[in-house]
Amino acid sequence: MKLKFILLFLFTLLLFFGEVAAWACGAFPAPYLCTAPTVPAISCGNPVYPSKIISKDSELMSIEDGGYDPCVHLKYWAYKNSYYTDTAFYRAQYDSLRYYIQSCIANDNYYPDYIFTNIDNAVQLMSKDTTRYDTYRAWLISVLYLNTTNPAYFCSCLGSIGNTYQYGKYRGIGYLAVENYFKKYQPCGWDSATEAQYQKDSTDAVRYGDDPTHLPPLDSLGLGFLLKNSVATSPGILPSIYLASFTSSPNPFKKETTLEFTLNRMAYVQVAVYDELGKLVWGNGRGSSLEAGTHQIHLDGSAFPSGVFYARISTGFGEVKTVKLVHEK
């Protein structure tokens with residue numbers, strides 16, 4: 001009797017989680033993890049852009065579709081833990097939290113450290129490829145200024161950037177260089193406990209053969225922009241170091257035109273189209289981090305009235321370019 005009850009209980013659990021999995025991607029018995037393109041989707045059915053962006057690199061993401069407010073659902077991954085040795089969970093956690101930061105963090109004023117702690121952990125456990133830290137660092141830099149109203153966001157994101165120096169040329173010592181920036185400029189405060197941790201990290205660096213009194217300059221780490229900003233939580237006015245070009249062809253156009261832009265480095269970008277009165281006619285306020293290179297957006301303007309419009313692209317570092325569009329019927 002007891003065995004029968006246990007078997008029945010286990011079978012009920014399987015049905016329950018199977019239905020949850022089916023609900024996650026919209027239809028039973030669909031797989032629990034949906035495959036969604038990097039740029040167009042925040043989850044399996046919520047496009048970031050009304051039109052597809054064609055990038056030179058196409059990376060598939062494992063995103064779980066919650067079927068309700070995607071920001072609420074994606075943030076839930078910050079509170080998930082796994083004891084699995086399978087890397088699929090951590091890849092899904094990494095992808096989901098990355099989407100959350102790109103699409104939702106600008107309106108989230110809660111303490112973000114838990115989000116970055118979990119995405120750091122996911123990066124560490126999802127793969128053994130050491131180059132993942134370089135990719136992760138480039139992405140973190142691209143989203144460093146997405147939330148300029150919550151100083152804790154900047155501090156947590158920059159802390160994660162420091163954590164990426166686990167391999168490569170600046171292994172260990174790169175982390176200290178970021179810590180030294182925190183100590184010298186104190187954008188996030190500096191107390192006795194933080195100083196004690198810094199001294200411990202410096203001692204560890206000596207043990208591994210590094211010299212904490214001769215740290216690499218931030219410029220050599222690709223972080224020189226930190227010294228050019230007068231306010232830690234604002235990108236300020238920077239030269240066009242990320243966004244190289246922004247064009248449209250054909251222009252004038254009747255039905256479709258292609259917006260093309262080139263990035264010198266990975267950057268978080270937002271694209272929108274406005275009419276002459278400044279009213280948004282295309283775009284939804286969400287952006288995405290894209291690799292360096294040339295990217296295209298096929299803009300369907302068949303529903304636009306005749307007239308002049310303005311396509312605007314901006315990066316997370318405050319760079320902006322605008323193209324005048326002429327639509328003809």
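The numbers here are math on the coordinates, done by the rules we state, and not lab data. None of these values were measured; they are calculated from a predicted model. A quick note on method: Cβ atoms are made from the backbone with ideal geometry, for glycine too, and the neighbour counts reach across all protein chains shown.
Data overview
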read-out	value
Pairs beyond 29 Å (Cα-Cα), from 255/321; 80/169; 75/255	80/169; 75/255
Approximate spin-label separation residue 308-residue 284, in nm, with each point projected 7 Å along Cα-to-Cβ	3.1 nm
Pairwise FRET efficiency - residue 256 versus residue 320, Cβ, R0 = 25 Å, nearest 0.05	0.55
Distance cut-off 22 Å, percentage of C-alpha pairs in the stretch 169-316 lying past it	58 percent
Along principal axes, Cα extents of the stretch 104-226, largest first, whole Å	43, 36, 25
Proximal charge balance of residue 155 [Cβ under 15 Å; K/R count +1, D/E count -1]	-3
Rough spin-label spacing in nm, given labels placed 7 Å along Cα→Cβ, for residue 171 and residue 72	4.6 nm
Gain in span if fully extended, residue 265 to residue 227, counting 0.36 nm per residue against the direct Cα distance	11.8 nm
For peptides 115-124, 92-101, 201-210, sequence by mean Cβ density within 10 Å, most packed first	92-101, 115-124, 201-210
Stretch gain in nm, segment residue 131-residue 109, where the contour uses 0.36 nm per residue and the Cα spacing is subtracted	4.8 nm
Extension reserve of the residue 193-residue 277 stretch, reckoned as 0.36 nm per residue once the Cα distance is removed	24.9 nm
